[in-house]
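See below for the structure under consideration.
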Amino acid sequence: MVGADSAYQSVFTFEASAEIRADGTFTSDPHPVYTFCRSHYHEAAAANEAEVGDDAQTPALRVLRSAQVKSEYSGDYSVRRVLQCGICCTDLARPFLPYELPQIIGHEALIEVDDEHYGVVDINDSHFSHSRLDPLTGALAENEPARSCPYCNPDNPHRMPSQCPARTTMGINSWCGALAPYLIVPNRNLEIIPKSSLPKDVAALIEPFAAALHAVESRNWKGLAGKRGMVHVGVVGAGKLGLMILASLLGMDHPDVRLKVTAILRSIEHADRAVNFGCSDIILSEGYDSDGKPKWNRLVANGPLEPVSESLSFDIVFDTSGTLSGLSTALSVATQELHLKSTNGQPFGGLAHVTEAVVDEIAIIPVELGSPSTLDSALSFSWPNGQRSNPNIVTLGCSSVPETEEYIKQVKRSGRRVFSFNSAEEADVWMRPVRGDSEPRTSSGEEQLLASGSPFPRFDLGLVMADQTNPSATCSAIDGLLRPRGAMHDKSLVANQESSAQSTLPQKLASHKITLTTSRCGNFGRAIEFLTDPVRRNVVKGLSALVTHRFSLDQLPEAMAAVRNGRDASGKKVIKVMVECS
């Protein structure tokens with residue numbers, strides 16, 4: 001067998017029915033055979049029978065595909081049996097992502113631990129996933145790879161392993177996905193759930209629910225409420241993600257803020273789902289009238305639809321629709337903040353990289369020229385869960401605009417460093433210069449940013465001046481901050497999550513002067529804690545009802561078609577599909 005040598009032994013072999021190809025179909029006739037092989041050294045080490053030697057450098061696991069080496073895993077891994085796995089829209093979109101195919105997909109995994117426990121697995125495999133702590137001090141060992149990664153280093157209070165540049169993501173790139181009988185698991189990513197604490201289907205929804213809960217709990221609710229002590233919240237869309245956002249909002253206990261939550265839906269068919277989660281205010285979008293103004297109807301309990309005569313507005317709107325029309329609706333009714341959770345890969349409002357902003361967890365903040373208060377607020381921008389000094393600011397094309405010189409001087413007077421570049425490409429070269437073999441070694445921009453106080457090797461904030469006479473140029477500059485070398489480039493110029501691209505923003509964003517925020521993955525442990533609290537039994541009940549369809553691995557094409565179409569072959573509405581994997 002090619003790839004199998006004396007250092008490894010075959011542990012698990014199966015036919016991969018969920019290996020997706022570039023055309024969106026699954027490999028078949030026959031299905032490829034996958035073999036997970038464990039090194040003899042690591043097998044002995046697990047039993048405390050190995051002596052340290054050259055074999056210690058052997059990767060712990062090797063994956064064979066049809067007898068050929070596909071990938072290797074070095075670190076603390078185990079192989080676990082998958083009980084079931086949900087399908088989400090990311091699985092449908094996998095052929096369009098810039099990673100190698102074919103690929104076993106699936107990341108909403110529920111795995112077997114023992115007779116009394118399930119397991120769920122964080123989907124980001126980073127340096128942090130394999131960081132060992134000193135058993136005596138509890139500190140990170142000196143030679144651990146996470147120490148050299150600012151995104152993973154536990155000593156960095158702003159660490160974000162989910163944004164580690166070296167990470168792999170389950171079912172997305174080289175990490176084989178969970179729509180299979182077995183899953184390779186980074187042991188530190190494993191969260192244990194007692195079977196008595198949550199129903200099986202709810203436990204399997206921890207990954208998407210954690211993302212929804214993170215979106216809700218990371219908002220600045222006190223700031224949104226102001227002196228009123230209340231926030232009017234809109235949620236656009238009542239798909240799986242929208243319902244989980246509703247569940248998180250309605251289950252949240254904030255001592256200083258009251259929430260009034262409204263679901264904004266396209267169809268009365270979706271209303272029952274929102275009501276089941278405890279949402280009592282339902283607004284239906286009915287298109288536009290002859291003057292181009294949106295038409296709204298309110299669903300009244302046990303009564304008919306009533307036209308909404310007043311102008312709709314919400315302090316914050318969560319867009320979970322995944323559609324451009326839903327995003328437009330959300331933007332039209334948000335007054336302070338628009339939070340994006342869904343990704344559709346399409347341009348919006350002149351911005352090409354809206355989806356990438358969500359993936360990188362970037363915020364876009366409007367700032368009025370000549371307003372010191374809004375400038376100070378923007379320069380100190382941070383998410384509620386961590387305070388930042390934001391010492392390094394990048395500007396693109398601003399130094400050549402005379403009326404902005406005083407603005408930049410204000411930034412410098414705050415004690416921050418300002419780096420001015422004519423283009424995003426120029427800034428990107430400064431951060432990561434390409435040198436010839438004979439050129440002297442100098443510090444890269446990334447190293448300089450870390451050395452001067454930025455928690456990540458990125459600028460803390462990016463400043464773009466909006467040209468109202470040429471909004472496309474402004475959008476191009478913002479896109480440059482997000483992806484300086486285009487869609488296939490995997491890093492923004494500004495830092496992840498704790499950062500912003502600032503601008504007065506063209507078109508609709510400028511007229512509304514709202515903050516656009518984003519979020520991606522959540523904390524599994526926090527989601528489990530939230531759902532196992534007895535006061536949230538209704539949330540658990542609502543999540544259980546989301547699973548409407550079950551398929552076996554052999555029925556995967558039918559399962560994917562049901563998710564894609566929103567209905568099964570008989571016409572029944574599909575909300576959530578679970579695939580039984582063993």
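The values are calculated or read from the model by the stated rules, or taken from the named source; none is laboratory data. These numbers come from a predicted model, not from an experiment. For neighbour counting, all protein chains shown are included, and Cβ atoms are generated from backbone atoms with ideal geometry for every residue, glycine included. To get the accessible areas, we keep the full protein, side chains included, count just its heavy atoms, and leave off ligands, DNA and RNA. Shrake-Rupley method; radii C 1.70, N 1.55, O 1.52, S 1.80 Å.
Just a few scattered comments:
- Filter result for Leu556 (outside any loop (DSSP other than H, G, I, E, B), within 17 Å of the chain's Cα centre (by Cα) and either modelled with pLDDT under 85 or not aromatic (Phe, Trp, Tyr) (or both)): no
- Qualifying residue in segment 204-217 (condition: assigned to a helix (DSSP H, G or I), closer than 21 Å to Lys260 by Cα and among the charged types (D, E, K, R)): yes
- Residue in segment 370-378 that is of a type in the set (Val, Ile, Thr) and either within 15 Å of Asp460 (Cβ to Cβ) or modelled with pLDDT under 80 (or both) present: yes
- Matching residues, segment 559-582, being more than 26 Å from Ser248 (Cβ to Cβ), in contact (Cβ under 8 Å) with a residue 24 or more places away in the chain and not in a helix (DSSP H, G or I): Lys572, Glu580, Cys581, Ser582
- Check on Lys508, surrounded by 14 or more Cβ atoms within 10 Å (Cβ to Cβ), at pLDDT below 90, touching a helix residue (DSSP H, G or I) at 6+ places or on another chain (Cβ under 9 Å) and part of a helix (DSSP H, G or I): yes
- Residues in segment 259-302 that are exposed (fewer than 12 other Cβ atoms within 10 Å of the Cβ), farther than 19 Å from Thr323 by Cβ and touching a strand residue (DSSP E or B) at 6+ places or on another chain (Cβ under 7 Å): Asp289, Val300.
- Of all residues in segment 128-156, those satisfying the criterion of being open to solvent by less than 60 Å² (accessible area, probe 1.4 Å), at pLDDT 80 or above and assigned to a helix (DSSP H, G or I) are Phe128, Ser129, His130.
- A single entry from Phe128, Phe96 fulfils the requirement of being under 30 Å from Arg567 (Cα atoms) and of a type in the set (A, V, I, L, M, F, W, C): Phe96.
- Residue pairs whose Cβ atoms lie under 7 Å apart, separated by 6 or more positions or on different chains, with the first residue in segment 523-550 and touching a residue at least 40 places away in the same chain (Cβ under 8 Å) and the second open to solvent by 80 Å² or more (accessible area, probe 1.4 Å), are Gly542/Asn276; Ala545/Asn276.
- Only one of the numbered conditions (1) surrounded by 12 or more Cβ atoms within 10 Å (Cβ to Cβ); (2) within 20 Å of Asp315 (Cα to Cα); (3) not small (Gly, Ala, Ser) is violated by Asp256, and that is (1).
- Single match in Arg550, Arg520 (criterion: surrounded by fewer than 23 Cβ atoms within 10 Å (Cβ to Cβ) and modelled with pLDDT of 90 or more): Arg550
- Cβ pairs under 9 Å, 6+ apart, first in segment 82-111 and closer than 21 Å to His31 by Cα, second of a type in the set (Phe, Trp, Tyr) and open to solvent by 10 Å² or more (accessible area, probe 1.4 Å): Val82/Tyr182; Leu83/Tyr118; Ile87/Phe551; Pro102/Phe26
- Residues of segment 224-247 that are free of Cβ contacts under 8 Å to residues at least 60 places away in the same chain and either under 23 Å from Leu327 (Cβ atoms) or surrounded by 24 or more Cβ atoms within 10 Å (Cβ to Cβ) (or both): Ala238, Leu246.
- Residue ranges of strands (runs of 3 or more DSSP E) in segment 268-341 with at least 1 members in contact with a Phe, Trp or Tyr (Cβ under 8 Å, 6 or more places away or on another chain), at pLDDT 80 or above and of a type outside the set (A, V, I, L, M): 281-288, 294-299, 305-307, 334-340
- Put simply, of Ile192, Ile184 the only residue that is surrounded by fewer than 21 Cβ atoms within 10 Å (Cβ to Cβ), part of a strand (DSSP E or B) and not small (Gly, Ala, Ser) is Ile192.
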